[in-house]
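Just below is one structure, and these are the notes that go with it.
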Amino acid sequence: MELADLVIDDRERGVFRVHRSSMTSPAVHALERERIFNRCWLYAGHESEVEQPGDYIRRRVAGRPVFLVRGQDGEVRVFLNTCPHRGALVCRQDAGNAEVFQCFYHAWSFNDRGDLVGLPDEEGYAEGFDRSERGLLAPPRVSNYRGFYFVSFSPDGEDLATYLGEATEYFDLLISQSDTGLGLAVVPGALRCGIATNWKLFVENSFDLYHAPSVHQTLFSYLKRLGHDSAAITARPYGQVRPLGNGHAVLEMPTVGGGRPVAKWHPMYGEAAKSEIEGIRARLQDRLGEETMERIAGSSRLLIIYPNLVLHDSAAPGIWTIWPDRPDFMELTIQVVCAKEDVGARLERRLSHFELGVSATGYLHPDDVEALESCQAGFDAPEMEWSDVSRGMHREAHGRDELQMRTFWRQWHAQVQGYAAAASWSDRPTPVETTARATAD
Amino acid sequence: MTFTPVNGKESLVSHDLLHEVEQFLFFEAELLDDWRLDDWVALFTEDARYVIPTTDLPNGVPGQDLVFANDDIGRLRARVERLKSRHAHREYPWSRTRRFINNIRIADASGDEVTVNASYLVYRFRDATGRGAHVDTYVGKYTYNLVRSEGQFRIRHKKAVLDNETLYTHGAVSIIL
């Protein structure tokens, strides 16, 4: 199968199909690593996870061991977690605080700038041995957008702000939910799991509403018993999809029948919470105006930053990262992020939504895992060659359609072939998009 | 009568009490393995809590930290309803489970209340995709707060801490631990 044939994108006929070898082929998987994950900006961590000087967190980003550390100078740096001497991991805990990172293998020591500051028996090396050439290595590029740290393993390419483009609006909307200007904090604890499915299926599912009434019927039944009217979710049109460039897309949808801790009261929060939530709402309006307040308080935004970050601006805002492991296996991390002033009952309301929904034991996550693993098992029948992603292509697509997935796939298909970007991400290209962005490597 | 250390001190815990607690925990495990979920949820008090911390934060505090489960009795009953429906897809049909409860120790006993620590090993088998046998193994520590009411134990608090460091091979926790 030629790479060019993996996606059929016929806008005139409203046909969009993805060849299932895209989800099963080791060759395609290797190309994804090289042409997507070795090139794109990839989310690595949030500033609140390394709040104090010396704080560090350990991650895997695109298969590489890395760690983030806030230096004594206050700056956050990212290093590849491998000793320049023989390779051992220098940082061996998921989180902590340290001024010096000592490799346990031969006891080479590095400061929070990655400099080699000590090694036993240095006289054993020739005169030309230069400590400054034996420091920790940083990824070629590290940048952050308002505290969200990204790395790129490509030494060149557009800067992070340009890469995120119009998607920064949705980071801003999330950050502006903090009343006090203190900003956001990642809540301690995470869901970390593996799923026997191709990573792209999880990306698609992250902003797929079409599956919600069937897969998540138990949640809707439960919410209905609590007095939520979820009927609007199954009505159409529901929600808006906006391609944001570079494969990013957002699905924005009104909170119907239910509540949002910031800031729409609902009986499920109890009468006692009413005045507090109305206070949050009033302060939002004072700071940001009625229109923005209504948007923040009255709707959720499911944002995909291509290729593998979900900013899930729901009642319990989530930072989700999706990593390919093998063609049929991926790893997922879900964290919840709140305003720093979300403590006590405010935080409890946020966490309660997580526990109900995308928690490992929630109403959503286990059944999503089941569905995606089921799809992957279905791909064992290669005679059924294609998956259909055409929903809503013939009309102005809404939230229960599949424009958001097509946006992702268009960028994926361009990049896996070696192009920098798709010529267009929309079903109906805007004039800007048609100015031939596609350039061969 | 037998001596069992409580809170690091030697104090008196009757063999009868230990036996009674053990039989209660074994009974609870049997109800779950047999998917007798209505009988299981009836073991809980009206002010009960059921908590599962995340794998990376075993000491996580509900309401302050991310935890997987933090059910009051309403949510616990709803969890049972969900698992009994045909629409909890990861558990329809139900998986086969076998729970092993050991190292049962009474940490505290006063009046009608008993605090119990125990180790658990829960196997879950389900070949949902027909791709071959799949085994999930959940290992960890239970902490119970039991209260005696009308001659029977009820569960006021159950916490299941997982020793598994991630859910890499599990994907989710679709059963009750």
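Assign one of three labels to chain A, namely rounded, prolate or oblate, based on the Cα gyration tensor with a ≥ b ≥ c the square roots of its eigenvalues; rounded applies when a/c is under 1.5, prolate when it is not and a/b is larger than b/c, and oblate otherwise. Each step should come with its number before you reach the end.
Details: a/c = 1.86, a/b = 1.24, b/c = 1.51.
Verdict is oblate for chain A.
Scalar couplings 3J(HN,Hα) for the range B:42-57, obtained by applying the Karplus form with A = 6.51, B = -1.76, C = 1.60 to θ = phi - 60°, are 5, 6, 8, 7, 5, 9, 6, 10, 10, 10, 10, x, 6, 5, 8, 9 Hz; x denotes Gly and Pro. Surface analysis of the range A:202-273 yields an accessible area of 39 Å² per residue, using protein heavy atoms and a 1.4 Å probe.
Protein heavy-atom accessible surface, 1.4 Å probe, per residue over the range A:89-181: 52 Å².
Backbone amide hydrogens, once placed in the peptide plane, bring B:Ala69 within less than 5 Å of B:Ile52, excluding anything fewer than 5 places away on its chain.
The calculated FRET efficiency for A:Glu169 paired with A:Arg131, based on their beta-carbon distance and R0 = 51 Å, is about 0.65. Distances between placed amide hydrogens fall under 5 Å for A:Val117 paired with A:Ser109, A:Phe110, A:Asn111, all partners being 5 or more residues away or on another chain.
Comparing mean-square fluctuations of A:Trp199, A:Trp386, A:Trp41 from a GNM of chain A with C-alpha springs under 10 Å, the top value falls on A:Trp386. Of the accessible area of the protein assembly as shown, computed with a 1.4 Å probe over protein heavy atoms only, carbon and sulfur atoms account for 49 percent. Roughly what angle does helix B:15-33 make with the longest principal axis of chain B, taking Cα atoms, 0 to 90 degrees, to the nearest 10? Taking Cα atoms only, the helix is inclined about 10 degrees.
Largest mean-square fluctuation among B:Gln64, B:Gln152, B:Gln23, in a Gaussian network model of chain B whose springs join Cα atoms under 10 Å apart, belongs to B:Gln64. Relative to the current alpha-carbon distance between A:Asp388 and A:Ser143, full extension at 0.36 nm per residue lengthens the span by 84.5 nm. Straight-distance candidates among the lysines for linking to A:Lys274, with alpha-carbon spacing under 28 Å and chain neighbours fewer than 8 residues away dropped: A:Lys224, A:Lys264, A:Lys340. Derived scalar couplings between HN and Hα for the range A:149-154 equal 8, 10, 10, 9, 8, 9 Hz in order, rounded to whole Hz, by the Karplus curve 6.51 cos²θ - 1.76 cosθ + 1.60 (θ = phi - 60°), x for Gly and Pro. For a modelled paramagnetic label at A:Val100, 7 Å from Cα along Cα-to-Cβ, the residues of the range A:26-57 in reach, with backbone nitrogen under 18 Å, are A:54-56. Taking a ≥ b ≥ c as the square roots of the Cα gyration tensor eigenvalues, with a/c under 1.5 meaning rounded and otherwise prolate when a/b beats b/c, else oblate, which class fits chain B? It is prolate, given that a/c is not under 1.5 and a/b is the larger ratio. Taking a point 7 Å out from the Cα of B:Ile101 in the direction of its Cβ, the residues of the range B:140-173 whose backbone N falls within less than 15 Å of it are B:140-148, B:152-161. Among A:Leu332, A:Ser299, A:Trp320, whose Cα sits farthest toward the positive end of the charge dipole of the range A:274-356 (+1 at Cβ of Lys/Arg, -1 at Cβ of Asp/Glu, about the Cα centre)? Value computed over the given set: A:Ser299. Amide H to amide H distances under 5 Å link B:Ala48 with B:Ile73, where only residues 5 or more positions off or on other chains count and H is placed in the peptide plane. Dipole of the range A:97-226 computed with +1 at Lys/Arg Cβ and -1 at Asp/Glu Cβ about the Cα centre; of A:Ala126, A:Asn205, A:Thr162, farthest Cα towards the positive end is A:Asn205.
Site pair B:His15 and B:Thr129 shows an inter-label distance of 5.2 nm when each label is modelled 7 Å from Cα along Cα→Cβ. With contributions of -39500 (n - 2.57) from each DSSP H run of at least four residues, the per-residue ellipticity at 222 nm computed over chain A stands at -7000 deg cm²/dmol. Taking chain B as a Gaussian network of alpha-carbon nodes connected by springs under 10 Å, the highest mean-square fluctuation of the residues B:Arg77, B:Arg154, B:Arg131 belongs to B:Arg131. In the context of the full set of protein chains, residues of the range B:76-177 present 47 Å² of accessible surface per residue (probe radius 1.4 Å, heavy atoms only).
In Å² (nearest 100), what accessible area is buried between B and A, both sides summed, heavy protein atoms only, 1.4 Å probe?
3300 Å²
The residues of the range B:58-98 occluded by other protein chains by 40 Å² or more of accessible area, set against the chain on its own, are B:Gly63, B:Leu66, B:Phe68, B:Arg75, B:Ala78, B:Arg79, B:Arg82, B:His87, B:His89, B:Arg90; surface from heavy atoms, 1.4 Å probe.
The values are calculated or read from the model by the stated rules, or taken from the named source; none is laboratory data. Here the structure is a predicted model, which is why all the values come from computation and not from measurement. Because the Cβ atoms are built from the backbone with ideal geometry, glycine has one as well, and the counts that use them run over all protein chains shown. We work out accessible area using only protein heavy atoms, side chains counted, and drop any ligands, DNA or RNA first. Shrake-Rupley method; radii C 1.70, N 1.55, O 1.52, S 1.80 Å.
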